[in-house]
Amino acid sequence: MPPNQNLVVVYLCRMTGVCSWYAHNKEEAEEFLQVGFIRVFNYINRFRGTGSLKGRMRRLIINDALLKYKSKSSHLKPLLITLSRSTIK
């Protein structure tokens, strides 16, 4: 089994739980998980062994989920401002 596949097998359940906590539905959790593992694989060579790999993976996945919500809310901000102004009148 390739090393990346071992990583997925070992941490899949835990990281699925993390993604489910931040997601609105199952599909979004799966998207967070997929994007998170891709990011982990891209940055795995930078891991120096300080701290736990599980903790680093968790932090990457959480940050990606939060960034997604932040970018979504920034797109909605002008709409929300417009709606709030129209309801005030």
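Give Leu60, Leu12 a once-over and let me know the one that is aliphatic (A, V, I, L, M), under 14 Å from the mean Cα position of the chain (by Cα) and either at pLDDT below 80 or surrounded by fewer than 16 Cβ atoms within 10 Å (Cβ to Cβ) (or both). After applying the criteria, what remains is Leu12. Taking the criterion of being within 9 Å of the chain's Cα centre (by Cα), in a helix (DSSP H, G or I) and surrounded by 15 or more Cβ atoms within 10 Å (Cβ to Cβ), the residues of segment 15-34 that qualify are Val18, Cys19, Tyr22, Ala29, Glu31, Phe32, Leu33. Pairing residues of segment 19-46 that are farther than 12 Å from Ile61 by Cβ with residues that are part of a helix (DSSP H, G or I), at Cβ distances under 7 Å and at least 6 apart in sequence or on separate chains, gives Phe41/Asn4.
The values are calculated or read from the model by the stated rules, or taken from the named source; none is laboratory data. Because the structure is a prediction, the values reported are computed rather than measured. Cβ coordinates were reconstructed from backbone atoms using ideal geometry, including for glycine residues, and neighbour counts include every protein chain displayed.
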